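The block underneath contains the structure these notes are about, expressed in structure tokens.
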Amino acid sequence: MFYLKTVKFLLLFSFLSTLFFSSKLSAEIIIEDYWARVTPSGSGSVYMKIINSKDEDDRLLSASSDKAGMVMIHRSIRDGDISKMIHVHDGILVPKKSSVKLKPGDYHLMLININENLSLGDKISVTLIFEKNSSITINPIAKLRPPKKHTHK
Ligand SMILES: [Cu+2]
């Protein structure tokens, strides 16, 4: 009887601690749906979704890549009929319990001085530097167009 009670207690304890630790672990920054567009003219941009499940705001400050001399944070804006890119100096705010999308026509990472050996289909290593979170490295594949969305029927 004592044995059974102990087992039950241990099971309950491990269940609760799993809940506790998994909720702790899920509070972080996650990068999803990342991809890179490299045009024949030699310019390149990296797009992604940044998810912040933490209880505090964070900010993408800068980025670097093995395939580019420099990576800049840009935002495309419309000025009348003209679309132009501006250099974002203060990074991209990722509010707590929220997400931000880097996408064509909006925020993106601009690859400057791309390695001339880069071809379509190559993996690009991009390291993202955050204000609070530790840095995260993603490996988008150089494409000309966005990857097809998964459709679940
Ligand atoms: Cu740009």
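Of note:
- Top-ranked residue in the range 73-114 [being hydrophobic (A, V, I, L, M, F, W, C) and more than 15 Å from the chain's Cα centre (by Cα); ranked as surrounded by the fewest Cβ atoms within 10 Å (Cβ to Cβ)]: Ile82
- Restricting the range 36-81 to residues that are under 17 Å from Thr137 (Cα atoms) and assigned to a loop (DSSP other than H, G, I, E, B) leaves a set whose member that is nearest to the ligand (Cβ to nearest atom) is Lys67.
- Test: residue in the range 93-106 that is within 13 Å of the ligand (Cβ to nearest atom) and more than 19 Å from Leu144 (Cβ to Cβ): no
- Members of the range 30-75 found to be over 15 Å from Val88 (Cα atoms) and among the aliphatic types (A, V, I, L, M), listed by number: Ile30, Ile31, Ala36, Val38, Met48, Ile50, Ile51, Ala68
- Considering the range 115-139, and only residues there that are β-branched (Val, Ile, Thr) and surrounded by 14 or more Cβ atoms within 10 Å (Cβ to Cβ), the residue that is farthest from the chain's Cα centre (by Cα) turns out to be Ile124.
No value in this document is a laboratory result; all are computed from the given coordinates. The structure presented is a predicted model; accordingly, all values stated were derived computationally and were not measured. Please note: Cβ atoms are built from the backbone with ideal geometry, for glycine as well, and neighbour counts cover all protein chains shown.
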